[in-house]
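The values are calculated or read from the model by the stated rules, or taken from the named source; none is laboratory data. A quick note: this is a predicted structure, and the numbers were derived from the prediction, not measured. Because the Cβ atoms are built from the backbone with ideal geometry, glycine has one as well, and the counts that use them run over all protein chains shown. Accessible surface is based on the protein model in full, side chains and every heavy atom, while ligands, DNA and RNA are left aside. Shrake-Rupley method; radii C 1.70, N 1.55, O 1.52, S 1.80 Å.
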Amino acid sequence: MAKITISIPDDIAEKANRAVAAGLAGSVSAYFTQLAQREPDWAAAAEIIAELGAEAGVTDADRAEAAAAFTAAEDAAAAGALGGAA
């Protein structure tokens, strides 16, 4: 078992301590272990996506175009340009 030290915001530490006090986790370490076990392995997912993209012929230019489109959509949503109440 590896031992690591992390710094977290006070409200997150309080949340972990409440979970332990409520019997939802055996310790603060167990609380964070449970969280990490439920979370997907994003690094592995990124590798799989990259492999599938390469097999499908997705180029760096395709990725850049998609990223620009997502950024533009996020910017538009933040500006309220995608509809919704004014």
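Please go through segment 1-48 and pick out each residue that is assigned to a loop (DSSP other than H, G, I, E, B), open to solvent by 60 Å² or more (accessible area, probe 1.4 Å) and either in contact with a Ser or Thr (Cβ under 7 Å, 6 or more places away or on another chain) or of a type in the set (S, T, N, Q) (or both).
Thr5, Ser7
Take the residues in segment 72-86 that are open to solvent by 70 Å² or more (accessible area, probe 1.4 Å) and not aliphatic (A, V, I, L, M); name whichever of them is modelled with the lowest pLDDT. Reasoning before the result, please.
Narrowing segment 72-86 to residues open to solvent by 70 Å² or more (accessible area, probe 1.4 Å): 74-75, 78-79, 81-82, 84-86.
Then drop every residue that is not not aliphatic (A, V, I, L, M), which leaves 74-75, 84.
Values: Glu74: 92, Asp75: 91, Gly84: 55.
Of everything passing the filter in segment 72-86, Gly84 is modelled with the lowest pLDDT.
Going by what's in this entry, would Phe70 be described as under 18 Å from the mean Cα position of the chain (by Cα), part of a helix (DSSP H, G or I) and farther than 30 Å from Met1 by Cα? Don't jump to the end; show me each part of the working.
Numbers: under 18 Å from the mean Cα position of the chain (by Cα): yes; part of a helix (DSSP H, G or I): yes; farther than 30 Å from Met1 by Cα: yes.
Against the criterion (under 18 Å from the mean Cα position of the chain (by Cα), part of a helix (DSSP H, G or I) and farther than 30 Å from Met1 by Cα), Phe70 qualifies.
Right, Ala66: surrounded by 11 or more Cβ atoms within 10 Å (Cβ to Cβ) and modelled with pLDDT of 90 or more or not? Before the answer, list the steps.
Numbers: surrounded by 11 or more Cβ atoms within 10 Å (Cβ to Cβ): yes; modelled with pLDDT of 90 or more: yes.
In short, yes.
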